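Worksheet: the structure to be examined is printed underneath.
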Amino acid sequence: MTTKRTAASILTPSTDTAQHHLAAYRAALDDEEQSRGESHLAERKKIRAAVELFDRDKRKILPREEVGTVMRYLGAYPSEEDLMNDILPALCDEDDGVANGSSSTAGSNGVKLERFEKFMVRVMVERMYEPDSEEIILQAFRVLDPEGRGYIDESTLHELLTENEWAFRDKEWEDFIRVAKDPDTNYIHYEDYVSMLAP
């Protein structure tokens, strides 16, 4: 009889023991949730700091044309197609700003900080729109260099990157070429450029 009680007490923990385990489990969940919240807080701070660089009027609105730039600054690299067809339409409601009687329309001119922040937290946490690998970028450059010289001249690249549907804006081109071009030869030695992109 004593043996049965001992076995039963081992298999069926006392109420105190069960409550202790439940409390420990809840504490672990609370710690995990708090940790996740602090992580999101850090992400939100990065996002707000990035948006402030472009929100010159301090209206908490990110100009529409800078959404892709800020996303890349924060480590997310959507394709231009994703940006134009999916991201911007989802973030820019034409009714924003107009419906509430405000004279500033966020939808047509930009994205409200709260909406962009919520979207970017998800993008950053879920690691969406990861950058292409070095090898993929090199392959793209090699397509433009069929002779295998290891470089592309500035005029060829300028034509390709500024005269198409997803063209670089002037400032983007200037920023790119300032970093990518060899000042001595005026060529873009793409292997050197890609190695500079590596983290």
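In segment 137-154, of all residues being at pLDDT 90 or above and assigned to a helix (DSSP H, G or I), the one that is surrounded by the fewest Cβ atoms within 10 Å (Cβ to Cβ) corresponds to V143. Does A49 satisfy being under 17 Å from M120 (Cβ atoms), part of a loop (DSSP other than H, G, I, E, B), assigned by TED's automatic domain parsing to the domain that holds V125 and modelled with pLDDT of 85 or more? No: the conditions fail for A49. Inclusion of F119 among residues that are in a helix (DSSP H, G or I), surrounded by 13 or more Cβ atoms within 10 Å (Cβ to Cβ), under 25 Å from the mean Cα position of the chain (by Cα) and outside the structural domain of C92 (by TED's automatic domain parsing) is not warranted.
Among the residues of segment 175-198, those that are farther than 21 Å from P78 by Cα and either acidic (D, E) or not in a helix (DSSP H, G or I) (or both) comprise K181, D182, P183, D184, T185, N186, Y187, I188, H189, E191, D192. If you check every pair at least six apart or on different chains, which have Cβ atoms under 8 Å apart with a residue in segment 59-84 that is under 17 Å from V121 (Cα atoms) first and a residue that is part of a loop (DSSP other than H, G, I, E, B) and polar (S, T, N, Q) second? Final answer for the pair search is I61/S104.
Conditions (1) of a type outside the set (D, E); (2) in contact with a Cys (Cβ under 6 Å, 6 or more places away or on another chain); (3) closer than 19 Å to M84 by Cα, marked per residue:
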{"residue": "E126", "(1), (2), (3)": "no, no, no"}
{"residue": "E134", "(1), (2), (3)": "no, no, no"}
{"residue": "L138", "(1), (2), (3)": "yes, no, no"}
{"residue": "R142", "(1), (2), (3)": "yes, no, no"}
{"residue": "P146", "(1), (2), (3)": "yes, no, no"}
{"residue": "N164", "(1), (2), (3)": "yes, no, yes"}
{"residue": "R178", "(1), (2), (3)": "yes, no, no"}
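Look at segment 172-199: where a residue is without any contact (Cβ under 8 Å) to a residue 60 or more places away in the chain and not assigned by TED's automatic domain parsing to the domain that holds E80 and a partner is exposed (fewer than 12 other Cβ atoms within 10 Å of the Cβ) and part of a loop (DSSP other than H, G, I, E, B), sitting 6+ places away or on another chain with Cβ atoms under 9 Å, you get Y187/R149.
The values are calculated or read from the model by the stated rules, or taken from the named source; none is laboratory data. Predicted, not measured: the structure shown is a model, and the values here were computed from it. We place every Cβ from the backbone using ideal geometry, glycine too, and count neighbours over all the protein chains shown.
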